[in-house]
Amino acid sequence: MDRELTRRLHRDYITVYRISELISNGIFLALIIAYFTCALIWEWTLVPGWIALSVFIISLVLFTWIIPQMKYTRFQYELFEDELEIQSGLVFLSNVLVPMVRVQHVELESGPLMRKYDLASVSIVTAATTHRISGLKLGEAQQLKRQIGVLAKVDDQDE
């Protein structure tokens, strides 16, 4: 096997992941504040609000600061001539080999937040599942999509 590409995610992916989690946690905090407001107006018990606030603090620290760095550190992929190897995981590490003969098509995706940082995701679709490599610079993602398409002998219908 000839190694063609050994890569990690781009560092900007940590920022995108953190911003995404801050938005989600902001919505959660708004719901908690709404509960506390209703509880004070209608004299409900405050216990569910305090529990939710505790969960919010744990979630904020865990998903905004710890997990993005761990995902960045633990995710890597290698592209070979006849297979793609993807290593990922937080607590339990996973190492997946995707044979090029099993690849049905390759997709390039980029949401608004990822586009702001010039990032994209490459999805490798097989009959069994979809493997996603998120957090690549757009140019690198386009190149990876083309390389996998060529190696898997998949027609690129977008171009």
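Values in this text are rule-based calculations from the coordinates and carry no lab data. Computed from a prediction, not measured in an experiment: that's the story for all the values here. When we count neighbours, we look across all protein chains shown, and the Cβ atoms used for this are built from the backbone with ideal geometry, even at glycine.
Quick look at the values:
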{"item": "Range of Cα positions in the chain per principal axis (Å), largest first", "result": "67, 33, 29"}
{"item": "Rounded if a/c under 1.5, otherwise prolate or oblate - region 72-159, Cα gyration tensor axes", "result": "oblate"}
{"item": "Chain lengthening between SER59 and GLU78 when straightened (0.36 nm per residue, less Cα-Cα)", "result": "3.7 nm"}
{"item": "Mean ellipticity per residue at 222 nm, deg cm²/dmol - from DSSP H runs of n ≥ 4 across the chain, formula -39500 (n - 2.57)", "result": "-15000 deg cm²/dmol"}
{"item": "Placed amide H near GLY111: partners under 5 Å, 5+ positions off or other chain", "result": "none"}
{"item": "Using θ = phi - 60° and Karplus 6.51 cos²θ - 1.76 cosθ + 1.60, couplings along region 22-36 (whole Hz; Gly, Pro as x)", "result": "5, 5, 4, 5, x, 5, 4, 5, 4, 5, 5, 4, 4, 5, 4"}
{"item": "Percent breakdown of C-alpha pair distances by 10 Å bin, ordered from the shortest bin, for region 12-71", "result": "24, 42, 22, 11, 2"}
{"item": "Contour excess over end-to-end distance, with Cα ends at VAL91 and ARG115 and 0.36 nm allotted per residue", "result": "5.7 nm"}
{"item": "Which of HIS10, HIS105 has the fewest Cβ neighbours within 10 Å, and the rest in rising order", "result": "HIS105, HIS10"}
{"item": "The chain: most fluctuating residue of LEU108, LEU79, LEU29 per GNM, C-alpha cutoff 10 Å", "result": "LEU29"}
{"item": "Neighbour-limited loop hits for GluC sites (Glu not before Pro), region 43-101 (at most 16 other Cβ within 10 Å; DSSP other than H, G, I, E, B)", "result": "GLU43, GLU81"}
{"item": "Theoretical gain in end-to-end length, LEU31 to ILE67 [0.36 nm per residue, Cα-Cα removed]", "result": "10.6 nm"}
